[in-house]
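The values are calculated or read from the model by the stated rules, or taken from the named source; none is laboratory data. What you see is a predicted model, and the numbers here were worked out from it, not measured in a lab. No Cβ is skipped: glycine too gets one built from the backbone with ideal geometry, and neighbour counts run over all protein chains shown. Accessible surface is based on the protein model in full, side chains and every heavy atom, while ligands, DNA and RNA are left aside. Shrake-Rupley method; radii C 1.70, N 1.55, O 1.52, S 1.80 Å.
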Amino acid sequence: MPRIAITREVSENVHSCELTHLAREKIDYERAAAQHREYKACLVELGCQLLSLPGAPELPDCVFVEDIAVVLDEVAIITRPGAASRRPETPALQRALEPFRQLLFVREPGLLDGGDVLVVGHDIYVGRSTRTNAPGIAQLIHLLESFPYNVRDVDFHSCLHLKSAVTAIGERTLLIQEDWVSRDAFDGVELIAVDPAEPHGGNALRIGETVVYPTGFDRTRARMEAHGFEVRTVAQSELAKAEGGVTCGSLVFDSDAATISKARGAT
Ligand code: CIR
């Protein structure tokens, strides 16, 4: 089945992004945009067809499309992001996803960021965070009641999103930062721990059989390779200053060729 990656351009005001754990550092817009182009080129090389949405000056965090939707095979959930400044990002993603999936919505008082939702086959782990609250998690469970998923919540700390601490790099293999989330939360999966010297190395993006991973975490990369994973690195230094990782910049899912080509033609 063909695969699509929805991305959004870096906002020229990315320097005004939301920040939770990091101190504000100067973000070089041109460099961030160049790194995002490299990331998109990598997704294309790995077989994704790209649907790239325009950025918006009034939406500093709009490049981080992962937080705005959770796309499953059967349905997509449009989130209600925990940061109020990010809620106006949703209409563009809603329009982009409409051709591909039936859409369901998280409503007030629910809050949910896609970065807190880790899908591993039919198991969905949802992090309780500053961005995702109990009503948001309850709504996700309710919205997915008639679909074959087992949704459970997970506690974590010291980072923005659950997927800053743990991501899926294989069908049943997770890359995990155990100082921030307990391995006990994850049953029946193989766990590869990030190297202790690389605490921010837990965010990796699986595209088919390849793991897209930021440069600069060589020890953790070597651990994944030692387990047989093929790892492709991309430079992420500028968007990392905005607390973004490799999963945040795209929504990747399968769709039929006709729908993809129609949707790409329409933008
Ligand atoms: C934010 O705080 O919302 C953005 N500056 C970073 C979002 C990163 N998204 C993600 O980890 N899924």
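Can you say whether Ala5 is open to solvent by less than 20 Å² (accessible area, probe 1.4 Å) and more than 14 Å from the ligand (Cβ to nearest atom), as far as the supplied structure shows?
It is true that Ala5 is open to solvent by less than 20 Å² (accessible area, probe 1.4 Å) and more than 14 Å from the ligand (Cβ to nearest atom).
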Tabulated pairs, segment 87-108, first more than 20 Å from Thr259 (Cα to Cα), second of a type in the set (Asp, Glu), C-beta under 9 angstrom, 6+ apart or interchain: Pro88/Glu58; Glu89/Asp61; Glu89/Asp67
Residue, nearest to Gly202 (Cα to Cα), within segment 230-242, restricted to residues that are among the charged types (D, E, K, R) and surrounded by 19 or more Cβ atoms within 10 Å (Cβ to Cβ): Lys241
Hits in segment 124-145 - residues which are within 19 Å of Thr247 (Cα to Cα) and either in contact with a Gly (Cβ under 8 Å, 6 or more places away or on another chain) or open to solvent by less than 20 Å² (accessible area, probe 1.4 Å) (or both): Ile124, Tyr125, Val126, Gly127, Ser129, Thr130, Arg131, Thr132
Any hit, segment 46-59, residues being on the phi > 0 side of the Ramachandran plot and small (Gly, Ala, Ser): yes
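When segment 93-118 is examined, which residues are found to be within 16 Å of the ligand (Cβ to nearest atom), more than 24 Å from Ala165 (Cα to Cα) and open to solvent by 10 Å² or more (accessible area, probe 1.4 Å)?
Residues satisfying the conditions do not exist here.
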Flag if Ala185 is over 21 Å from Cys42 (Cβ atoms) and in contact with a strand residue (DSSP E or B) (Cβ under 8 Å, 6 or more places away or on another chain): yes
Every residue from segment 8-47 that is crowded, with 22+ Cβ neighbours inside 10 Å and either closer than 20 Å to Pro99 by Cβ or of a type in the set (Gly, Ala, Ser) (or both): Arg8, Ser11, Ala32, Leu43
Number of the condition not met by Gln236 [criteria: (1) away from the ligand (no atom under 16 Å from the Cβ); (2) under 15 Å from Lys40 (Cβ atoms)]: (1)
Qualifying position, being of a type in the set (A, V, I, L, M), away from the ligand (no atom under 11 Å from the Cβ) and out of contact with any Phe, Trp or Tyr (no Cβ under 9 Å at 6 or more places or on another chain), among Ala76, Ala23: Ala23
Unmet criterion (only one of (1) in contact with a Cys (Cβ under 8 Å, 6 or more places away or on another chain); (2) surrounded by fewer than 16 Cβ atoms within 10 Å (Cβ to Cβ)) for His227: (1)
Some residue of segment 11-31 being out of contact with any Leu (no Cβ under 7 Å at 6 or more places or on another chain), modelled with pLDDT under 95 and either part of a loop (DSSP other than H, G, I, E, B) or closer than 19 Å to Ser164 by Cβ (or both): no
Spans of strands (runs of 3 or more DSSP E) in segment 176-267 with at least 2 residues within 14 Å of the chain's Cα centre (by Cα): 205-207, 210-214, 251-254
Extreme residue, nearest to Val120 (Cα to Cα), among residues of segment 56-66 that are of a type in the set (Asp, Glu) and touching a Cys at 6+ places or on another chain (Cβ under 7 Å): Glu66
Some residue of segment 119-126 being touching a residue at least 60 places away in the same chain (Cβ under 8 Å), within 24 Å of Ile4 (Cα to Cα) and within 16 Å of the ligand (Cβ to nearest atom): yes
Where a residue in segment 55-70 is polar (S, T, N, Q) and its partner, wherever it lies, is away from the ligand (no atom under 11 Å from the Cβ), with Cβ under 6 Å and at least six apart: none
Qualifying residue in segment 243-255 (condition: among the acidic types (Asp, Glu), within 16 Å of the ligand (Cβ to nearest atom) and open to solvent by 20 Å² or more (accessible area, probe 1.4 Å)): yes
